[in-house]
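Worksheet: one structure, shown below.
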Amino acid sequence: MYTETSVAVDAGTECVIESTTPILTLADFDQPVRQPGQTAVLSLKFSEVVAQPPVTIGGVAMASDAFAVTADAATVDALADAWTVTTTVALDALDGPLAFTVGPDVEDAYGNKNPKTYIRPVGPDSDRPLVDGTPPVLRLVSFVSDNAFDDKLAVPGDTLRLTFEANELVSAPAVTLGAGAGAAATVS
């Protein structure tokens, strides 16, 4: 952007010419992993105020009601430099990175359009969530007891050790052992 002083009859009048295109400086999701049916929020930050940008998430064009101007955004009328886009991950979404695009033709207050389509996270530490709709599978489940006669036999007072492996990273499961309601086990 530059300012030029007019040499016409209206001396002292300034004319501002703005020809830079707006640049996406941040595209980041709120969570690293989402399951189908869960909400995902995409935060967008631009180099200047822009009209509501064209965005697709999971191959779906986002409707106007999915957008919000962030509380700390710079705004001019209906334009802002920071937006959030909220969507629900489709129930039939495939496992893997959640696809999204921003652009093309993000438009600033002066009508300048950026023809680029952004398809990757932008900015330091930005990412997009992995969609994980496949439940983990336990495999190699085995147990041993400290029974003095048979490590596959357990009587009241014996300690059991249950060992299993999952096909992906899992959080510590809740394990109960015994008949009826059972007793909670210590998991490590």
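For residues in the stretch 36-46 being in a strand (DSSP E or B) and not aliphatic (A, V, I, L, M), which is surrounded by the fewest Cβ atoms within 10 Å (Cβ to Cβ)? Only one residue fits best here, namely Thr39.
Consider Asp81 carefully, then state whether it is at pLDDT 90 or above, exposed (fewer than 13 other Cβ atoms within 10 Å of the Cβ), among the charged types (D, E, K, R) and more than 18 Å from Pro36 (Cα to Cα). Give the steps one after another, and end with the answer.
On the way: at pLDDT 90 or above: yes; exposed (fewer than 13 other Cβ atoms within 10 Å of the Cβ): no; among the charged types (D, E, K, R): yes; more than 18 Å from Pro36 (Cα to Cα): yes.
Judged against the criteria, Asp81 is not a match.
In the set Val49, Val55, Val60, only one residue is at pLDDT 90 or above and surrounded by fewer than 16 Cβ atoms within 10 Å (Cβ to Cβ); that residue is Val60. Of all residues assigned to the stretch 128-138, at least one qualifies as being open to solvent by less than 70 Å² (accessible area, probe 1.4 Å), part of a loop (DSSP other than H, G, I, E, B) and in contact with a Phe, Trp or Tyr (Cβ under 7 Å, 6 or more places away or on another chain). Reported count of residues in the stretch 103-119, each being loosely packed, with under 15 Cβ neighbours inside 10 Å and within 20 Å of the chain's Cα centre (by Cα), is 2.
Residues that are in contact (Cβ under 8 Å) with a residue 60 or more places away in the chain and of a type in the set (Val, Ile, Thr) were ranked within the stretch 117-138; the one that is farthest from Ser171 (Cα to Cα) is Val122. Residue pairs whose Cβ atoms lie under 9 Å apart, sitting 6 or more positions apart in sequence or on different chains, and linking a residue in the stretch 147-170 that is in a loop (DSSP other than H, G, I, E, B) to a partner that is among the basic types (Lys, Arg), are Asn167/Arg139.
Does Asp146 satisfy being open to solvent by less than 50 Å² (accessible area, probe 1.4 Å), over 27 Å from Leu79 (Cβ atoms) and of a type in the set (Asp, Glu)? In short, no. Of the set (1) modelled with pLDDT of 85 or more; (2) touching a Leu at 6+ places or on another chain (Cβ under 9 Å), all apply to Thr88 but (2). Pairs are defined by a Cβ separation below 7 Å, a sequence spacing of at least 6 or placement on different chains, a first member in the stretch 90-110 that is over 24 Å from Ala74 (Cβ atoms), and a second member that is open to solvent by 70 Å² or more (accessible area, probe 1.4 Å) and in a strand (DSSP E or B); the pairs so defined are Gly96/Leu130; Pro97/Leu130.
Taken over the stretch 85-100, the criterion of being open to solvent by less than 30 Å² (accessible area, probe 1.4 Å) and of a type in the set (Val, Ile, Thr) is satisfied by Val85, Thr87, Val89.
Among the residues of the stretch 52-78, just one is under 26 Å from Pro36 (Cα atoms) and among the charged types (D, E, K, R), namely Asp65. Within the stretch 99-121, one or more residues are in contact with a Leu (Cβ under 8 Å, 6 or more places away or on another chain) and closer than 16 Å to Arg34 by Cα. Condition test on Phe67, is it open to solvent by less than 40 Å² (accessible area, probe 1.4 Å), under 18 Å from Gly123 (Cα atoms), within 19 Å of the chain's Cα centre (by Cα) and modelled with pLDDT of 90 or more? So Phe67 does not fit the description; no.
Quick one: count up the residues across the stretch 101-158 that are of a type in the set (Asp, Glu), closer than 30 Å to Pro22 by Cβ and at pLDDT below 85. Steps first, answer last, please.
Of all residues in the stretch 101-158, those of a type in the set (Asp, Glu) come to 105, 107-108, 125, 127, 132, 146, 150-151, 158.
Checking which are closer than 30 Å to Pro22 by Cβ leaves us with 105, 107-108, 125, 127.
Add one more test, that the residue is at pLDDT below 85, and what stays is 125, 127.
Here the count works out to 2.
The values are calculated or read from the model by the stated rules, or taken from the named source; none is laboratory data. Keep in mind that this is a model prediction, so the values were computed, not measured. Cβ: placed from backbone, ideal geometry, glycine included. Neighbour counts: every protein chain shown. Calculation scope for accessible area: heavy atoms of the full protein, side chains included, ligands and nucleic acids excluded. Shrake-Rupley method; radii C 1.70, N 1.55, O 1.52, S 1.80 Å.
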